[in-house]
Amino acid sequence: MSTQYPALVVVVPLLSAFLISAAGWANKRLCFPIAVVALAISTYSCFGLLVRVLNEGVVVYRWAGWDPPWGIAYYVDHLNALVLTVVAVVSLINLVATKKSIDEEFPDKLGPFYSLYVLMVTGCLGIVATGDAFNLYVLLEISALTGYGLLAMGSKGRAPLSTLNYLYMGTIGACFYLLGIGYLYIVTGSLNMVDIAGILPSLYQSKAVMAAFIICMVGVWLKMALFPLHAWLPNAYTYAPSAASSLIAPLATKVMIYVMIRLILTVFTPEFAFTTLSVSNAVVWLAVIAIVVGAVLALQERSLKKMLTYVIVAEVGYMVGGAWLGNSAGMTGAILHIVNDALMTLCVFLAVGNIVYKAKGHCFEDLQGLFRKMPFTMGGFVIGALSIIGVPPTCGFFSKWYLISGAIKAGQYHFMAALLFSSLVCVVLFFRIIEIGYYEPFSEEHGHGHGHHQEPSMEEAPLSMVVPLLIVAAGLVVVGLYTGDIVEHIIRFAIPKGLA
Amino acid sequence: MKFLGLVIAFITGVFLVYAAVDFPDWADPESPASTHVSPHFIEKTMEETSVPNIVTAVLADYRTFDTMFEATVIFSAAVVCFFVLRTFLKKEEREERLYRHVLTGVTIRVKEGGRIPPSDDFERIDDSWIPHDLIIKTICRLMVPFIQIFALYVVAHGHHSPGGGFQGGVILGASVIVLAMSHDLRTTLQRMREKVVGILCAVGVLLYAGTGALCLLLGMNFLDYSALAPILGVGPVTARSHGILIVEIGVAIAVMTAMVWIYNNVSSRGNYNEGL
Amino acid sequence: MTDFAQLVVAKYNYWIYITLMMIGLYAIISKNNLVKKILGMNIFQTAIILFYVSIGAKKGATIPILEHGHGPAHGAGSHVVHAADYMNPLPHVLMLTAIVVGVATLGVALALALKVYRHYHTLEEDEILAQIRKK
Amino acid sequence: MLWQLDLAILTLVVIAAVGSLMVKDLLGAAILFGAYSFMMCLLWTIMGAVDVAFTEASVGAGVSTVFFVAAVFRTTRRTKD
């Protein structure tokens, strides 16, 4: 069975999505167990695949038995396997953690919700696993369409509107990617990533190849919300239901960054991206602006969830900048940060989900006295926040370390300055939250109407929501402690030898 | 905003024109796109899959993995439409009902939750009802079976002529939509209830993915139809041809129901009370 | 000048696709009405489909359906298929997928627009923003 | 293929696209969009992409237009641009 791991990773959640949708009409209680089992099998296959890749190197899977480039093939290497594992783990943990809030928010639409959830995960897994440029587009649209559906069910009015804006931008992004693939196809005649990479070197001077690269990049940047193209993200994530935002916030942008790195590393080799085209300085500057603007915009927000969405915008800047530094330390930092940022974002968004579940709001006023009310949730939140700031031994520190050493090696000191600046801003941001949650008195209107000042009782979120949060928080530290091993055994092989 | 749009569109346009100059000429038989991968499809399709329509063969066999996700896209769009729009009204919210006497066209309003016992003489109509139009209703009802037969032909004959699961499925869906437009949503829902639509949509795509999983269980790669040869009792090449037909049927079911599902939700704004 | 004219004639399909695409892009960015934006989005997508179909065209070739494919009566080995005689089928396959993706996106976009209308009772973006600001 | 016919259809495609975006009535825009899709379908038939044209005729000119009309009926025909 182990030869079929690449198929199982994608196919099991896909099949389960249809089963869930059909089962939802018969018995709503069947949906959740099917989804959990499917994602668990998928996660197990991801780990199996990772082990196989570590032992054997690149695993090739030919769909429908046709040889590439005629059929569609998966080439699972270290980078794929690592990101696949992260995607599967994040979605599985989030599914278990948000069951209660899903039950509360969509009591009569459980079937469609779980079906869309699993399809969204299938889309992300497929994007990460695939070795075919057009297949990537189709999966991009699956994960995007299901994402729109999940995001739109938040607050009335605002959520559909901001999701519609996301849809316009997301569609333009995906279409740009499709157009770039078309440009590549017209000059190479192939759609298979490895095949294209073999043909391209003789065409590096072609204007069409250059245009293909730039168009693909712009499309991917639109989807990952890099700075001037980020306008859709904050509102779309803020007004979404918490189960959806804690799935999509960790996955959607990170998967797109994976796509960018895959395009740079495999399809258009690093020499083309960093040497033939002289745009990497401009992109690093763009990333610097993204980091600074994201941090500054986060400062002026008075809603916890919206503040975190601007932090995501800044984090996207980290990874884009790191990838475009053009050296192996920067690329290592970017890949490591995909893993870390997915876990960090999951951690803080799960905490926000718990807060929304209990306090019914995510504005700063709702946070008062929360440390006494929900100590475990806030404990998890603090660990996530420390990781975003970059405090050792949490994992955020190590990826920032690699990014900064990459910036020094490349001589891009403004990138390093931006990283440090945003860390400082994050300190301010999160200590403000902690201050509100810890020191300010528990306000009367949130109390139970007792006249005298009473020590508020502990009102922690249900166990099924707190335990996954704490597991993720512990995971942040564990991943941080094992960073050396991850870099040594996995990421080192993902980066081509040519990269200095 | 208008100015910004113009500027962005202009810059992108100039950039694309600049890049397009390097393209091979239009319809040049020597261009890389026509010489690298595609000749294999054109020359080998017949002997490898025994399907004369190359597009069908590439769609449902060489790149069948894409097509499975294509069917999934339409499935997820239908589920999203349902998920976003559908509102389940409680019974009490509808206070009055409108009925029409079929023979005379007289309209009756029944208030305060009352209802007329079901009979052939009266039919329930929408709040924003339109006059009874015999010609449109009769013509559309006559057309529906012919549309459906044509759709089945398109699905079944996709191996030899343009067509296949998608086109056939859309036409099948259109036949139901024609019925819904000429009569009303209620008539369609009586023939094809929401639950049936929802389950069939999932079953259609499941048929596709399930075929693939069956191939996997039979020891070949996912969707490698030649694994079905022992079950179907034919050679591996013919099995590919039959496999294509099976998945096309699955696609047709899924696309038909997805179109109907989207239409039902969009045209009634999700409350299923009144259609177009 | 003749060079330029030749360039225009040899690739006119590409120029038209770029024109259509820019019309669509302009509409998505600049239009105020949500449904008009969706229209622009669809025009944008169809323009890309036109581009791909143009890639698949081949001078002196016919549609990609094999002529002698109907039944084994002709004998499988009696004729050889030449790639130059048939259009490139691959872009057609890709675009079938893209069309379906397009209609799926359209359905979702319209559903969202309906939901927006249900809450704000208008489809004009500036009026919606004014309502949001008023709150 | 006749280049005159080709050119005429290409022009009509652009006109239909611009028209559907310019007309100040959403129902009219939806119908013009149907015309645009149908012209596109003709264009693809000329280029030999029969399967794509078939799909566009049923999906683009058929069902998409119905969706648009349904959505416009459930919202409003009014538009400012």
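Taken together, the values in this text are just the output of simple stated rules run on the coordinates, not laboratory data. Quick caveat: nothing in here was measured; it's all calculated off a predicted structure. Please note: Cβ atoms are built from the backbone with ideal geometry, for glycine as well, and neighbour counts cover all protein chains shown.
Couple of notes before you dig in:
- Taking Cβ atoms as reference points and 15 Å as the exclusive limit, the residues near B:V251 contribute a net charge of -4, counting Lys and Arg as +1 and Asp and Glu as -1.
- In this simple spin-label approximation, A:S278 and B:L217 carry label points 7 Å from Cα along the Cα→Cβ vector, and these lie 6.2 nm apart.
- Computed from label points 7 Å out along Cα-Cβ, the spacing between C:A10 and B:S119 is 8.0 nm.
- Per-residue Cβ neighbour counts within 10 Å put A:V118, A:V428 in the sequence A:V428, A:V118, beginning with the fewest.
- Fraction of C-alpha pairs exceeding 41 angstrom in the protein assembly as shown: 38 percent, rounded to a whole number.
- Screening chain B for whole DSSP H helices with an alpha carbon extent of at least 30 angstrom along the helix axis and a mean Kyte-Doolittle hydropathy of at least -0.5 yields B:64-85, B:134-156, B:194-217, B:236-267.
- Taking amide hydrogens as placed 1.01 Å from N in the peptide plane, the amide H of C:Y86 sits under 5 Å from those of C:T62, each at least 5 positions away in sequence or on another chain.
- Principal axes of region A:1-132: Cα extent on each, largest first, Å: 45, 27, 23
- Compared with the alpha-carbon gap, the fully stretched path from B:L103 to B:M143 is longer by 12.1 nm at 0.36 nm per residue.
- Candidates C:H121, C:H92, C:H82, ranked by Gaussian network fluctuation over chain C, Cα under 10 Å, top entry: C:H82
- Degrees separating the helix A:133-151 axis from the principal Cα axis of chain A, which is the longest one: 10
- Three-way shape call for region A:262-392 based on the alpha-carbon gyration tensor, with the a/c threshold at 1.5: prolate
- Over the Cα atoms of region D:25-76, the radius of gyration divided by the Kirkwood radius equals 1.08; this is the Rg/Rh ratio.
- Among the residues of B:39-51, the average count of other protein chain beta-carbon atoms within 10 Å of the residue beta-carbon is 5.
- Gaussian network model of chain B, Cα within-10 Å springs - most flexible of B:A180, B:A229, B:A254: B:A229
- Cα convex hull volume per residue for region A:304-452 (Å³): 89
- Bins of 5 Å, starting at 0 and running to the largest distance - Cα pair percent for chain C: 2, 9, 12, 13, 13, 11, 10, 8, 7, 6, 4, 3, 2, 1, 0, 0
- Taking the fewest neighbouring Cβ atoms within 10 Å as the starting point, the ordered list for A:T238, C:T122, A:T171 is C:T122, A:T238, A:T171.
- Among the listed pairs A:K306/D:K80; A:K156/A:K223; A:K156/A:K305; A:K306/C:K135, those beyond 20 Å (Cα-Cα): A:K306/D:K80; A:K156/A:K223
- In a fully extended conformation the segment linking A:F431 and A:A231 would gain 69.4 nm over its present Cα-Cα distance, using 0.36 nm per residue.
- Dividing the helix sum by the residues of chain C, where each DSSP H run of 4 or more adds -39500 (n - 2.57), gives a mean residue ellipticity at 222 nm of -23500 deg cm²/dmol.
- Packing-based ranking, highest mean first, of A:78-89, A:362-373 given that Cβ atoms within 10 Å are counted: A:78-89, A:362-373
- Residue mean of other protein chain beta carbons inside 10 Å, B:152-159: 1
- For region D:25-76: relative contact order, % (alpha-carbon pairs under 8 angstrom, 6 or more apart): 47
- Per-residue Cβ neighbour rank within 10 angstrom, fewest leading, A:L151, D:L7, B:L245: D:L7, B:L245, A:L151
- Under the Karplus curve 6.51 cos²θ - 1.76 cosθ + 1.60, θ = phi - 60°, whole-Hz ³J(HN,Hα) for region D:65-74, x wherever Gly or Pro sits: 4, 4, 4, 4, 4, 4, 5, 5, 5, 7
- The mean count of C-beta atoms from other chains within 10 Å of the C-beta of residues in A:231-240, rounded to a whole number, is 0.
- Computed over chain B with a Gaussian network model linking Cα atoms closer than 10 Å, the most mobile of B:P236, B:P118, B:P29 is B:P29.
- Tensor-based shape of region A:281-352 (alpha-carbon gyration tensor, a/c under 1.5 rounded, otherwise prolate or oblate): oblate
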